[in-house]
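Chemist: Below is the structure I would like to discuss, written out as structure tokens.
The values are calculated or read from the model by the stated rules, or taken from the named source; none is laboratory data. Not measured: the values here are computed from a predicted model. No Cβ is skipped: glycine too gets one built from the backbone with ideal geometry, and neighbour counts run over all protein chains shown.
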Amino acid sequence: MNSLGRLLTKWRASKQKSADRANLRAQLMAAVADGKFTKEEIDALYDLQEQLGLTAEDVGSIRVQAFAAAFAAAKQDGHVSEEEERELESIKNHLDLADADILPTTIELLRFRLLREIAGGQVPETSVSGLVLQKAERAFWIEPATMLEERVIDRQYIGGSHGVSIRIMKGVSYRVGAFRGHVETKTGIVPTSSGDLVITSKRVIFRGDRKSFNARLDKLLNIEMASDGVSLTTGATKPKVLQFTNPDNADIVGAILSYAINNFHR
């Protein structure tokens, strides 16, 4: 066989392997689409892999994609139950995947588990360096954040005019167009302090490098959670707006705040 013939044979084999991988991927995705993976489905797919002559290396990325599809199905309703987590663990084992192979998904699963535990009353506790806790007070969470405030970010002087003097007749003139100058300001939301939001069983505390605040939970008049932060209102003061360094933790902070307020004791 000449060089061209060998190249053509190699190309056809490569094309066939790509088609076989696509076939296996389609069937694997269909099997995990409901977030479950039965023994019958597992056996059938491994038989297909063997029939097609595909190695574990050939289907490595497909297995990761399949687990991601199963996870997407499980979290479709916004949370992952204990049963669904057990099923996902079973799928991971059947696909012969390590946590390192699916690291982003593993981290997200841990978040869902923590949210589930908080909802069930199992709130994490932590130690906060330099914070003196009150009697029977427990520290639940520390979240790096930046305080945001509305500030003047630009000032511009708009000059006045003496107007134009128009002579009407000898000794008589009329002035038009005169106005005084004034300052126009432009405001914007800017970061004013960086630090940590601490949630305890009695207080919310922000310890910043330039500004800080400390408020009892029963003094909070309003709490507004955002996708990347929180706004806290106490008394007649302006809301304290905090933007989290890690926006992914907003739902965890909200859940812990809710627990702390609902279980507050003087």
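Chemist: Give me a count of the residues in segment 242-266 that are surrounded by 13 or more Cβ atoms within 10 Å (Cβ to Cβ) and touching an Asp or Glu at 6+ places or on another chain (Cβ under 7 Å).
Modeler: 6
Chemist: Another question, then. Name the single residue, out of those in segment 70-96 being modelled with pLDDT of 85 or more and not in a helix (DSSP H, G or I), that is farthest from A255 (Cα to Cα).
Modeler: Q76
Chemist: Of the residues that make up segment 54-69, is at least one out of contact with any strand residue (DSSP E or B) (no Cβ under 9 Å at 6 or more places or on another chain), at pLDDT below 65 and within 28 Å of A255 (Cα to Cα)?
Modeler: no
Chemist: Enumerate the strands (runs of 3 or more DSSP E) found wholly within segment 131-237, keeping only those where 1 or more residues are modelled with pLDDT under 75, exposed (fewer than 11 other Cβ atoms within 10 Å of the Cβ) and more than 26 Å from the chain's Cα centre (by Cα).
Modeler: Strands (runs of 3 or more DSSP E) meeting the threshold: 139-158, 164-169, 172-176, 182-200.
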